[in-house]
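Heads up: the structure comes next, in structure tokens.
Read the figures in this text as sums done on the coordinates, not as results from a lab. Note that this is a predicted model, so its numbers are computed, not measured.
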Amino acid sequence: MLEYKHRLRDNYKFYSQDLLNNLFKHPYTKIEFLVNNLGVSRLTAANYLNKLAEDKMLRKDKSGTGNYYINPELFNLMTKR
């Protein structure tokens, strides 16, 4: 989580502690989660998540009509045996 915090803070103008917490609350997030938890518009939330996916901090997966943004580091940590 600390590594993500530094990467977000150093490379993105949209860094916030609330965003970081959202990315680590579950192994995935959705646009709706950011809209509800950060109080940003749907477009802004989509832009944040898409930029993080482009930069490989998140993995974007499409399921039906929605997108899920998976935090690969957290997912790997949770599934490691």
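Structure above, values below:
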read-out: Computed helical MRE - 222 nm, the chain, DSSP H runs ≥ 4 contributing -39500 (n - 2.57), nearest 500; value: -17000 deg cm²/dmol
read-out: Ratio Rg/Rh, restricted to the chain and using Cα atoms, in which Rh is the Kirkwood radius; value: 0.94
read-out: Computed lengthening from residue 78 to residue 24, 0.36 nm per intervening residue step minus Cα-Cα distance; value: 18.3 nm
